[in-house]
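Colleague: I have a structure I would like to understand better, so I am pasting it below and will then ask my questions one at a time.
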Amino acid sequence: FDAIDVIRAKRDGGVLEPAQIDWVVDAYTRGVVAEEQMSALAMAIFLNGMEREEISRWTAAMIASGERMSFDALSRPTADKHSTGGVGDKITLPLAPLVATFGVAVPQLSGRGLGHTGGTLDKLEAIPGWRAALSNEEMMAQLEEVGAVICAAGSGLAPADKKLYALRDVTGTVEAIPLIASSIMSKKIAEGTAALVLDVKTGAGAFMTEEADSRELARTMVDLGTDAGVATVALLTDMSAPLGRTVGNALEVRESVEVLAGGGPADVVELTVALAREMLASAGRTDVDVEAALADGRAMDTWKAMIAAQGGDPDAALPVAAHTEELRAEADGVVAGLDAMKVGVAGWRLGAGRSRPGEAVQAGAGVEIHRHIGEEVRAGDLLAVLHTDTPERFGRAREAIDGAWDLAAPGTAVPARRIVLDR
Ligand code: URA
């Protein structure tokens with residue numbers, strides 16, 4: 001095989017042969033196909049798409065690039081969830097311990113922030129002492145003892161995706177259905193979970209902003225999982241506005257702990273409960289009262305055990321940013337919309353995310369939202385508080401968040417926000 005032939009075939013709108021796909025993914029992982037060749041191929045895939053058979057084969061080749069794990073030795077059934085990425089999406093934090101409370105093992109192999117979207121590992125690292133890197137043995141032991149683990153994927157799992165993902169991030173080729181679907185599903189299938197619930201985001205703050213594209217992504221991933229023997233379900237959920245009232249690492253941990261204490265914002269609770277029900281049902285548990293486990297502290301107990309098992313102090317004070325600035329309303333009105341992308345970019349610029357690979361994030365940085373959709377505002381009211389350790393960042397964050405609140409005339413009836421749009 002020759003990389004140039006494979007690139008030309010896709011560039012000209014052709015369908016890649018299975019053997020071509022196997023070869024190019026393997027050769028790229030081994031460094032035989034160069035980064036510039038794979039970036040040309042990724043752009044050709046971005047522009048010309050892939051047939052369903054090509055996506056399946058590409059996913060299989062990415063799985064074959066590394067190890068496959070198995071949870072068969074566990075005494076509990078397993079269920080996992082994956083979000084396609086959003087703003088204020090801290091759902092994994094309350095969800096994993098909540099589901100584990102009912103005897104289902106939740107192996108959450110999570111990632112770091114990408115662009116304007118936050119990363120679960122970055123959030124948890126705001127907790128003093130907590131560590132993301134576990135060996136496979138440590139992970140298995142924690143799943144057996146605590147039931148929930150949130151950790152970094154080991155380097156052996158789908159190494160082709162690790163390389164390709166980093167390449168896509170810097171070549172403008174992230175937002176392509178074949179590439180997102182194969183990236184997510186190769187990791188999930190290689191991980192070996194029996195059941196998977198996908199949270200596919202749609203709207204301004206999602207990678208797929210159009211609902212039709214989000215639906216196609218969901219359908220593609222469900223088909224890939226089902227074909228691989230993983231019981232896979234997708235929820236299509238709203239990401240036009242941020243989830244909850246906090247965006248940023250420690251700020252989101254604090255809000256997640258509120259949910260685990262039986263409180264927290266209604267949208268975060270609604271999505272956590274909806275995803276927990278799907279995960280539990282896919283593991284055969286339909287007879288459980290999910291809300292009760294949030295209200296009576298059982299999920300909180302599992303959270304504390306999960307954090308402590310990874311070296312974290314669940315009772316320690318969370319870091320706070322050294323500087324804050326307020327954002328106030330200029331007019332009266334009612335919040336009809338809150339742009340997730342604008343808020344996400346502001347949080348990123350305040351230091352909650354990275355501007356270069358490998359950069360350290362600020363634990364305390366982010367945006368605290370004081371007026372969300374449906375709420376009345378008077379001129380001068382607090383809309384948000386911006387947090388950062390590096391006050392020179394306030395200017396660009398303010399530029400990013402400018403216009404994020406869409407204020408309708410006072411008294412306008414704003415329809416209640418729907419979080420779960422479809423299943
Ligand atoms: N998350 C992933 O793991 N991969 C993608 O391509 C997009 C989101």
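The values are calculated or read from the model by the stated rules, or taken from the named source; none is laboratory data. Being a predicted model, the structure only gives us computed values, none of them experimental. Note that we place each Cβ from the backbone using ideal geometry, even for glycine, and neighbour counts take in every protein chain shown.
Colleague: Just wondering, is there one or more residues in segment 128-141 that are within 16 Å of the ligand (Cβ to nearest atom), within 18 Å of the chain's Cα centre (by Cα) and either within 28 Å of Lys10 (Cβ to Cβ) or not basic (Lys, Arg) (or both)? Steps first, answer last, please.
Modeller: Residues of segment 128-141 that are within 16 Å of the ligand (Cβ to nearest atom), as a first pass: 132.
Filter again for within 18 Å of the chain's Cα centre (by Cα), leaving 132.
If we keep only those that are either within 28 Å of Lys10 (Cβ to Cβ) or not basic (Lys, Arg) (or both) as well, we get 132.
Within segment 128-141 (the criterion being within 16 Å of the ligand (Cβ to nearest atom), within 18 Å of the chain's Cα centre (by Cα) and either within 28 Å of Lys10 (Cβ to Cβ) or not basic (Lys, Arg) (or both)), the answer is yes, since at least one residue qualifies.
Colleague: When you scan segment 148-243 for helices (runs of 4 or more DSSP H) that lie fully inside it, which ones turn up with 3 or more residues that are without any contact (Cβ under 8 Å) to a residue 24 or more places away in the chain?
Modeller: Numbers: elements: 159-169, 177-191, 211-227.
Because the criterion is at least 3 residues that are without any contact (Cβ under 8 Å) to a residue 24 or more places away in the chain, the helices (runs of 4 or more DSSP H) in segment 148-243 that meet it are 211-227.
Colleague: Let me ask another. Within segment 1-94, considering only helices (runs of 4 or more DSSP H) that don't extend past its boundaries, which have at least 1 residues that are within 30 Å of Met239 (Cα to Cα)? Don't jump to the end; show me each part of the working.
Modeller: Working: elements: 3-11, 18-29, 35-48, 52-64.
It comes to 35-48, 52-64.
Colleague: Within segment 1-43, track down each residue that is more than 26 Å from the chain's Cα centre (by Cα) and small (Gly, Ala, Ser).
Modeller: The answer is Ala3, Ala9, Gly13, Gly14, Ala19, Ala27, Gly31, Ala34, Ala40.
Colleague: Within segment 149-196, work out how many residues are touching a Pro at 6+ places or on another chain (Cβ under 9 Å) and either near the ligand (Cβ under 10 Å from one of its atoms) or in the same structural domain as Arg354 (by TED's automatic domain parsing) (or both).
Modeller: Of the residues in segment 149-196, 1 are touching a Pro at 6+ places or on another chain (Cβ under 9 Å) and either near the ligand (Cβ under 10 Å from one of its atoms) or in the same structural domain as Arg354 (by TED's automatic domain parsing) (or both).
Colleague: While we're on this one: Only one of these is outside the structural domain of Val197 (by TED's automatic domain parsing), modelled with pLDDT of 95 or more and crowded, with 19+ Cβ neighbours inside 10 Å: Val385, Val420, Val334. Name it. If you could, list the steps in order and put the result at the bottom.
Modeller: Details: Val385 fails: crowded, with 19+ Cβ neighbours inside 10 Å; Val420 fails: crowded, with 19+ Cβ neighbours inside 10 Å.
Testing whether each residue is outside the structural domain of Val197 (by TED's automatic domain parsing), modelled with pLDDT of 95 or more and crowded, with 19+ Cβ neighbours inside 10 Å leaves just Val334.
Colleague: Another question about this same structure. How many residues, within segment 327-362, are over 22 Å from Arg112 (Cβ atoms) and not charged (D, E, K, R)?
Modeller: Number satisfying all stated conditions: 9.
Colleague: Of the residues in segment 173-224, how many are within 19 Å of Ile21 (Cβ to Cβ) and not charged (D, E, K, R)?
Modeller: Residues meeting the conditions: 17.
Colleague: Looking at segment 348-366, I want the residues that are surrounded by 10 or more Cβ atoms within 10 Å (Cβ to Cβ) and have a partner that is among the hydroxyl-bearing types (Ser, Thr, Tyr) and modelled with pLDDT under 95 with Cβ atoms under 9 Å, at least 6 apart or on another chain. Which pairs are those?
Modeller: These pairs meet every condition: Trp348/Thr117; Trp348/Ser355; Arg349/Ser355; Gly353/Thr117.
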